[in-house]
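The values are calculated or read from the model by the stated rules, or taken from the named source; none is laboratory data. Quick caveat: nothing in here was measured; it's all calculated off a predicted structure. Here the Cβ is made from the backbone with ideal geometry for all residues, glycine too, and neighbour counts use every protein chain on show. To get the accessible areas, we keep the full protein, side chains included, count just its heavy atoms, and leave off ligands, DNA and RNA. Shrake-Rupley method; radii C 1.70, N 1.55, O 1.52, S 1.80 Å.
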Amino acid sequence: NSEDVRCKCICPPYKDHSGHIYNKNVSQKDCDCLHVVEPMPVPGPDVEAYCLRCECKYEERSSVTIKVNNIILLA
């Protein structure tokens, strides 16, 4: 399920741009700033420096397991 995987990039403030959290459904190999941060908030020459500051993590979850656990807890 595409909703059960995501790449989450946390980018701190950079120059005059505030910090931001980006989420995107991409494969694990594409989980990096260049594939997830859209639109890129900085101009071309600053992209590398901006991306080096971002921390990207690939996350997986099982929504079926979460639903089953909720049903058991509510029963």
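Sequence-ordered 3J(HN,Hα) estimates for the stretch 50-58 from the Karplus curve with 6.51, -1.76 and 1.60 and θ = phi - 60° stand at 5, 5, 5, 7, 7, 10, 10, 9, 8 Hz, glycine and proline given as x. Probe radius 1.4 Å, ligands and nucleic acids ignored: give me the carbon and sulfur share of the accessible area of the chain as a rounded percent. Carbon with sulfur: 55 percent of the solvent-accessible area. The amide H of H20, built 1.01 Å from its N in the peptide plane, has C11 as neighbours under 5 Å, considering only residues 5 or more places off or on other chains. Note on I71: accessible area is roughly 120 Å² with a 1.4 Å probe, heavy atoms of protein only. With the cut-off at under 17 Å, measuring from each backbone N in the stretch 1-42 to a point 7 Å along the Cα-to-Cβ line of K67 picks out 1-5.
Among the listed values (i) 18, 38, 29, 12, 4, 0; (ii) 18, 48, 28, 7, 0; (iii) 19, 39, 22, 14, 6, 1, the one matching P(r) over Cα pairs in 10 Å bins from 0, in percent as calculated from this structure is (iii). Of the whole protein surface, E60 contributes about 140 Å² of accessible area at a 1.4 Å probe radius. The 3J(HN,Hα) values that the Karplus relation (6.51, -1.76, 1.60; θ = phi - 60°) gives for the stretch 10-23 are, in residue order, 9, 10, x, x, 9, 6, 9, 9, 6, x, 7, 10, 10, 10 Hz. Gly and Pro appear as x.
Taking 0.36 nm per residue of separation and subtracting the current Cα-Cα distance, fully stretching the chain between V47 and K8 would add 12.3 nm. Estimated from helices alone, the mean residue ellipticity of the chain at 222 nm is -8000 deg cm²/dmol (sum of -39500 (n - 2.57) over DSSP H runs with n ≥ 4, per residue).
Based on C-alpha pairs under 8 angstrom that are at least 6 apart in sequence, the chain has a relative contact order of 37 percent.
Taking every protein chain into account, the accessible area of the chain amounts to 73 square angstrom per residue (probe 1.4 Å). For the stretch 1-62, the list of trypsin sites (Lys or Arg not before Pro) that fall in a loop by DSSP and count at most 14 other C-beta atoms within 10 angstrom reads K15, R61.
Backbone geometry of the stretch 59-75 corresponds, through the Karplus equation with coefficients 6.51, -1.76 and 1.60 at θ = phi - 60°, to 3J(HN,Hα) couplings of 10, 10, 8, 10, 5, 5, 4, 4, 4, 4, 4, 5, 5, 5, 5, 7, 6 Hz, x marking Gly and Pro.
Figure the gain on full extension for E59 and E38 (residue separation times 0.36 nm, minus the Cα-Cα span) and round it to one decimal in nm. Between E59 and E38, full extension yields an extra 5.7 nm.
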